[in-house]
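Okay, structure first, notes after.
The values are calculated or read from the model by the stated rules, or taken from the named source; none is laboratory data. Note that the structure is a prediction, hence the values are computed from the model and not measured. Cβ sites come from the backbone with ideal geometry, for glycine too, and all protein chains shown count toward neighbours.
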Amino acid sequence: MSGAVSLACGALDLIEALEAQMTVYREDSEISELNRTAYQATVRVERRLFALLESAVELSRQTGGAYDVTSGALSEAWGFVKGPKRVPDPAALARARECTGWQHLRLDRAEQTIAFDRDGIRINLGSIGKGYAIDRAIELIRNNSLFDSALVHGGRSSLFALGSPPGQFGARWEIALRNPFAPDSPLGVLRLRNRGLGTSGAAFQQFVVDEKVYGHIIDPRTGEPAHGPASVTVLAPDAAMADALSTAFFLLGPEAAAAYTADHPEIGAVFVMEGASEGSPRVVALGLSESDFVPANETLN
């Protein structure tokens, strides 16, 4: 087996193991076990998973709860986890809101343990787990001396660009920015090297009840699906952070995101919103240089 094929198989095996650890769709996963038992007693968590949850709690603090890893009860109430998708009755929604909030987690770094201060808390890593798995795969590639470049992605929403494209020393990977209103007409090009990317948008999963559209991005602060921009793409030092912040920025909006990127120069973002005329989106770039993002037929605000 060649070095490249062996490395690719190793990365895929790692991602499969992380999926088995973090998914809420398997009763024997570490996250499912944590959700079942952490209210009854403290639970020791695998070292890297503990670090991820600790980082998630810090992002919750920084974003005022717009990103919240404990929003799983809300996703379940709205049927976005195991279905069916539905508008929950007021009592069910109230219960889910009572079981949401990063402040209900008790993390002990010295002991690597986690506890919940109330029953019904549901950690769901859907908004950070894919990026984390990509970062772990990139770590595996970096530790292999045969390769110094790679583009690892998890579909259209998450990726990490390592090094430069093959044969283009010093260059950056070029990633098209999707136009949610016209998928065949990209809005520009994002240029990345040693950087993660995450994209959020309510149109990826949604349902309609009584002619009202409900998207899958739920605001943990209100318990309701949010109506935000068409999409938000975030560039960050790692894919996990990019994933989580794209969700937070979707809920916070451009003004709050601009304040965040001003305080965190390693973070950049691109908001795509409806423009003044139908089919003419407005693009707002934050914390990015002209070489980071080159718009196509759009004004860079």
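Starting from the range 87-106, keep only residues that are among the polar types (S, T, N, Q), then list their pairs with residues that are crowded, with 18+ Cβ neighbours inside 10 Å and part of a helix (DSSP H, G or I) whose Cβ atoms are within a distance under 6 Å, requiring at least 6 positions of separation or different chains.
100/73; 100/74
Determine whether the range 261-278 contains at least one residue that is under 19 Å from the mean Cα position of the chain (by Cα), buried (at least 19 other Cβ atoms within 10 Å of the Cβ), over 19 Å from residue 295 (Cα atoms) and not hydrophobic (A, V, I, L, M, F, W, C).
Yes, the conditions are met somewhere in the range 261-278.
Any residue at all in the range 121-130 that's assigned to a helix (DSSP H, G or I) and not assigned by TED's automatic domain parsing to the domain that holds residue 19?
Taking every residue of the range 121-130 in turn, at least one turns out to be assigned to a helix (DSSP H, G or I) and not assigned by TED's automatic domain parsing to the domain that holds residue 19.
How about the range 172-224: which of its residues are within 19 Å of residue 134 (Cα to Cα), outside any loop (DSSP other than H, G, I, E, B) and in contact (Cβ under 8 Å) with a residue 24 or more places away in the chain?
190, 191, 192, 195, 196, 197, 198, 199, 200 - these are the residues of the range 172-224 that are within 19 Å of residue 134 (Cα to Cα), outside any loop (DSSP other than H, G, I, E, B) and in contact (Cβ under 8 Å) with a residue 24 or more places away in the chain.
Which condition number in (1) surrounded by fewer than 14 Cβ atoms within 10 Å (Cβ to Cβ); (2) farther than 26 Å from residue 216 by Cβ is the one that residue 119 fails?
Failed condition: (2).
With more than 24 Å from residue 256 (Cα to Cα), of a type outside the set (A, V, I, L, M), surrounded by 13 or more Cβ atoms within 10 Å (Cβ to Cβ) and at pLDDT 95 or above as the only criterion, which of 102, 78 stands out?
Selected residue: 78, the only one of 102, 78 that is more than 24 Å from residue 256 (Cα to Cα), of a type outside the set (A, V, I, L, M), surrounded by 13 or more Cβ atoms within 10 Å (Cβ to Cβ) and at pLDDT 95 or above.
Looking for something in contact with a helix residue (DSSP H, G or I) (Cβ under 9 Å, 6 or more places away or on another chain), within 27 Å of residue 10 (Cα to Cα), part of a helix (DSSP H, G or I) and not polar (S, T, N, Q) - is there at least one such residue anywhere in the range 157-171?
no
Please work out if residue 67 is of a type in the set (Ser, Thr, Tyr) and under 23 Å from residue 217 (Cα atoms).
Spelling it out, residue 67 is indeed of a type in the set (Ser, Thr, Tyr) and under 23 Å from residue 217 (Cα atoms).
Among what's in the range 128-158 and is over 15 Å from residue 19 (Cβ atoms) and of a type in the set (Ser, Thr, Tyr), pick the residue that is modelled with the highest pLDDT.
Within the range 128-158, the match that is modelled with the highest pLDDT is 149.
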